[in-house]
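Peer 1: Dropping a structure here in structure tokens format, bear with me for questions.
All of the numbers you see were taken from the coordinates with simple rules; none came from a lab. Note that the structure is a prediction, hence the values are computed from the model and not measured.
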Amino acid sequence: MMIHIGDAILSLNPLAKYHLTAPTGTDIDNATITWDEGMTPISKADIKAEMERLQVEYNALDYARARESAYPSTKDFMEAYTEKEIGGDTTKWDAYVINYNKTRSDNPK
């Protein structure tokens, strides 16, 4: 995912009021920003730097997003845990633990 110009603007000033015209929402160099209601303009250089900072922050969490989608579901956990604790059958629990640990090793921090 590429960081949108608007995300950077609002990160710098959550109360910013503006209109944006750009070939894409990520092309700050070719964007036209009209500041509304007497807003103090934020320079394109500052917006670009914030876009880059937010992109680095977003990319640093790639492992977390990959883990989140790969982990076994909460339903699988509850079913496996319940069968182990109440029914005494650890088959699903053992499979859950293997899948959980594999997800962690396949998606290191």
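Peer 1: Find the Cα radius of gyration of region 5-60, compare it with 2.2 N^0.38 Å by division, and give the number to two decimals.
Peer 2: 1.08
Peer 1: Continuing with this model, one more query. With contacts defined as alpha carbon pairs under 8 Å and 6 or more residues apart, what's the relative contact order of the chain in percent?
Peer 2: 22
Peer 1: Let me ask something additional. Can you give the Rg to Rh ratio of the chain, both from alpha-carbon atoms, with Rh computed by the Kirkwood formula?
Peer 2: Here the Rg-to-Rh quotient is 1.30.
Peer 1: Past the 22 Å Cα-Cα mark, which pairs from 17/48; 84/109; 75/102?
Peer 2: Where the Cα-Cα span goes over 22 Å, the pairs concerned are 84/109.
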